[in-house]
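S.K.: Let me begin by handing over the structure; questions about it come next.
The values are calculated or read from the model by the stated rules, or taken from the named source; none is laboratory data. In this text the structure is predicted, and so the values were computed from the model without any measurement. Cβ coordinates were reconstructed from backbone atoms using ideal geometry, including for glycine residues, and neighbour counts include every protein chain displayed.
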Amino acid sequence: MDLAEYQRRARRTSRLTDSDEAFLVGLLGLAGETGSLLTEYKKRLRDGPAHHGHQSAMAEELGDVLWYVAEIASCCGIDLNEAALQNLAKNADRWGSSGEDEELPSAIATVLYDEGFPQSEQLPRKFRIRVFEDHRSSPPTIALHLGRRRVGDVLTDNAYDDDGYRFHDVFHLGYAAILGWSPVLRKLLGCKRKSDLLADRVEDGGRAIVVEEGIAAFIYGYAKKHDYLRTIKHLDTEVLRTVKNMTEGLEVSSRTAHDWERAIIDGFRVWRQVREHKGGAVVVDLNRRSVRYERP
């Protein structure tokens, strides 16, 4: 039996015809049955093996919970099958999926956004950026090099304190590696998609660059309050939701919250290493979706 069939058959057993009254009774019933579940588990904790019939009692209480959920859904005109799929998709977006269900988003999409464009307009699939710090200057400055070519401007923290933000281009490298997206890096490397006027203006243009820089600054402020994510394995869901909202309308909106979490955490791992060693090299591999640090 699927959820939609259960919902239809459960509705036949409802004794209330007024939808407003049925909805309220459903909410009250759901709260009450949740309490019954807690009471049953309390007995298990209190009595241990002496408490017989725990599993059958839990099954009965869960059945009652399901009935009230179905009643509430029916009152709201909601299909439980659709609600269940939406819930699975939401959790897969946040935590990643096993890839066993084609209806759910995969953890990392396999197609890169610039596939099909000329190679000169593609982010390099694997490259190594060297980070040099000049600590003799005051304040300290850093420069990035790809081969013998300097990439971008010489940077400082632009802050009162030495907080290491001058190394923040590492975050853009992480976005490129894990998400296959970084309009900032496209500009620095000279690989904007100029053969497509719309992609060049929207996806690789100034507004997208500002969005990415805004995300980097926003996440940095969050990370600074949490020891730069040194022991963090999962980010605040609201933080990830904000990032997703900031990228709405851009191609990277197809990446999941789970993808963003990995890009941010991996990026900060490398950033901490670069900051600790006052430079080094960052190896980016878009095919493997990886970013790693190499000591000088």
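S.K.: Name every residue in the stretch 108-148 that is part of a loop (DSSP other than H, G, I, E, B) and of a type in the set (Ser, Thr, Tyr), in order of residue number. Can you show your working first?
M.R.: Of the residues in the stretch 108-148, the ones part of a loop (DSSP other than H, G, I, E, B) are 108-118, 122-125, 135-140, 147-148.
Thr110, Tyr113, Ser137, Ser138, listed by residue number.
S.K.: Within the stretch 223-232, can one find any residue that is in contact with a Pro (Cβ under 9 Å, 6 or more places away or on another chain) and either part of a helix (DSSP H, G or I) or in the same structural domain as Ser137 (by TED's automatic domain parsing) (or both)?
M.R.: Checked against the condition, which is being in contact with a Pro (Cβ under 9 Å, 6 or more places away or on another chain) and either part of a helix (DSSP H, G or I) or in the same structural domain as Ser137 (by TED's automatic domain parsing) (or both), the stretch 223-232 yields no hits at all.
S.K.: Let me ask you something else. Would you check if Asp101 is surrounded by fewer than 14 Cβ atoms within 10 Å (Cβ to Cβ) and at pLDDT below 95?
M.R.: Yes; evaluated as a whole, the condition is true for this residue.
S.K.: Inside the stretch 136-190, can you point out the residues that are polar (S, T, N, Q) and over 18 Å from Gly205 (Cα atoms)?
M.R.: Scanning the stretch 136-190 gives Ser137, Ser138, Thr141, Thr156, Asn158.
S.K.: Of all residues in the stretch 44-59, how many are under 39 Å from the mean Cα position of the chain (by Cα) and surrounded by 14 or more Cβ atoms within 10 Å (Cβ to Cβ)?
M.R.: If we filter the stretch 44-59 for residues that are under 39 Å from the mean Cα position of the chain (by Cα), which is where we start, we get 44-45, 54-59.
Adding the requirement that they be surrounded by 14 or more Cβ atoms within 10 Å (Cβ to Cβ) leaves 44, 54, 57-58.
Summing the residues that are under 39 Å from the mean Cα position of the chain (by Cα) and surrounded by 14 or more Cβ atoms within 10 Å (Cβ to Cβ) in the stretch 44-59 gives 4.
S.K.: Filter the stretch 170-209 down to the residues that are within 19 Å of Gly116 (Cα to Cα), in a loop (DSSP other than H, G, I, E, B) and not hydrophobic (A, V, I, L, M, F, W, C) and list them by number.
M.R.: Gly180, Ser182, Gly190, Lys192, Arg193, Lys194, Ser195, Asp196, Asp204, listed by residue number.
S.K.: Does the stretch 53-65 contain at least one residue that is of a type outside the set (Gly, Ala, Ser) and modelled with pLDDT under 90?
M.R.: yes
S.K.: Look through the stretch 10-35, keep the residues that are assigned to a helix (DSSP H, G or I) and hydroxyl-bearing (Ser, Thr, Tyr), and return whichever of them is surrounded by the fewest Cβ atoms within 10 Å (Cβ to Cβ).
M.R.: Ser19
S.K.: Right, another one. Quick test of your reading of the structure: Ala208 fulfils all but one of (1) modelled with pLDDT of 95 or more; (2) in contact with a strand residue (DSSP E or B) (Cβ under 7 Å, 6 or more places away or on another chain). Name the failing condition by number.
M.R.: Failed condition: (2).
S.K.: Right, another one. Out of everything in the stretch 211-232 that is in contact with a His (Cβ under 7 Å, 6 or more places away or on another chain) and farther than 14 Å from Val252 by Cβ, what residue ends up being modelled with the lowest pLDDT?
M.R.: Going through the qualifying residues, I end up with Ile232.
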